[in-house]
Amino acid sequence: MSNLQEKVNNLIGKEDLVRGEMILSRLEYVKRVEGKEGFSALEEKMKELDLDINTDDMEDWKSVGSAISVLLVSREIFGWKDKKLIEAGEFSAKTMTTTKLFMRKITDLQFLIDNISNHWKDLYRVGDLKTNQKAKSLEVTIGNFNYEKEECLFIKGYLKALIGLFSEKELEIKEEECIYDGGNSHKFLINWK
Ligand SMILES: [Zn+2]
């Protein structure tokens, strides 16, 4: 069995849920950057891996493993570097209806920071997100969330774009700690320049 097949099987075996739109927006991103042919290649590969994603019914909550598998398969067949996975997260933050509905309630950066952990629950039904605000930076820690590194990159891009929507100053984000690098959780540090 290939390494990718093993990873996909392992992900699909988990029962944790993600907003269906989190899958759709990833597929949409593949279409944008890889075109129709690329998208067909992705569909074919997913079929080969027995990864059944029914895009006609995406209103509700879906397997988080399917969403992450889209990133893994894309990385394998298109040779995506980390940057592309970060951009996939940025694309989702800028285009998803779920995000737009959340942002409609947000009036300023502080209000956004105070509500990021609530917004996490709009997206994932697994994992805990906590924020720790400092003078010129923000720490976002995600615990109980163990899948694949590709999802960390997606989240990094998502947070960057989400917070960037309300930041006048340019921001930098890095994942300071990660469970895949020996950490206890995923810790993202956001700095305003
Ligand atoms: Zn991580």
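Nothing in this text is a laboratory measurement; each read-out follows from the coordinates by a stated rule. Nothing here was measured: the structure is a model prediction, and the numbers come from that model. Cβ: placed from backbone, ideal geometry, glycine included. Neighbour counts: every protein chain shown.
Seen from every direction in turn and averaged, the convex hull around the alpha carbons of the chain projects onto 10.8 nm². For the chain, the longest principal axis of the C-alpha atoms and the axis of helix 149-164 are separated by about 40°. Kindly list the residues of the range 103-147 that lie in the label zone of N184, defined by a backbone N under 16 Å from the point 7 Å along the Cα-to-C-beta vector. Residues 128-132, 140-145 fall inside that zone. Modelled this way, with points 7 Å down the Cα-to-C-beta line, the labels at N191 and D108 are 2.6 nm from one another. Pick out which of K174, K31, K47 has the largest mean-square fluctuation in a Gaussian network model of the chain, springs linking Cα atoms closer than 10 Å. Sorting by GNM fluctuation, first place goes to K47.
Think of the range 70-193 as a dipole: +1 on every Lys or Arg Cβ, -1 on every Asp or Glu Cβ, centred on the Cα centre; then among C152, L162, A88, L162 lies furthest on the positive end. Charged side chains reduced to their Cβ positions (Lys and Arg at +1, Asp and Glu at -1) give the range 3-91 a dipole of some 420 debye around its Cα centre.
Separation of the alpha carbons by more than 28 angstrom is noted, of K14/K130; K14/K134; K45/K83; K83/K169; K47/K81; K31/K130, for K14/K134; K31/K130.
With the Kirkwood sum run over all distinct C-alpha pairs, the range 147-188 has a hydrodynamic radius of 11.0 Å. The residue list T99, T55, L11 was ranked by how far each Cα lies along the charge dipole of the chain toward its positive end, using unit charges on Cβ atoms, and T99 comes out on top. When the Cα gyration tensor is reduced to axis lengths a ≥ b ≥ c, the ratio a/c stays below 1.5 for the range 3-91, which is therefore classed as rounded. Taking the chain as a Gaussian network of alpha-carbon nodes connected by springs under 10 Å, the highest mean-square fluctuation of the residues S40, S74, S92 belongs to S40. Dipole size of the range 104-192 about its Cα centre, with +1 on Lys/Arg Cβ and -1 on Asp/Glu Cβ: approximately 260 debye, rounded to the nearest 20. Per residue, the average separation of C-alpha pairs within less than 8 Å and at least 6 apart gives the chain a relative contact order of 22 percent. A Cα-only calculation for the range 104-192 places Rg and Dmax at 12.5, 38 Å. If only the Cβ of Lys and Arg carry +1 and only the Cβ of Asp and Glu carry -1, the dipole of the chain around its Cα centre is close to 720 debye. Which of A135, A88, A41 moves most in a GNM of the chain, Cα contacts under 10 Å? Evaluated over the chain, the most mobile residue of the options is A135. Were the residues from D122 through S137 laid out at 0.36 nm apart, the gain over their Cα-Cα distance would be 3.0 nm.
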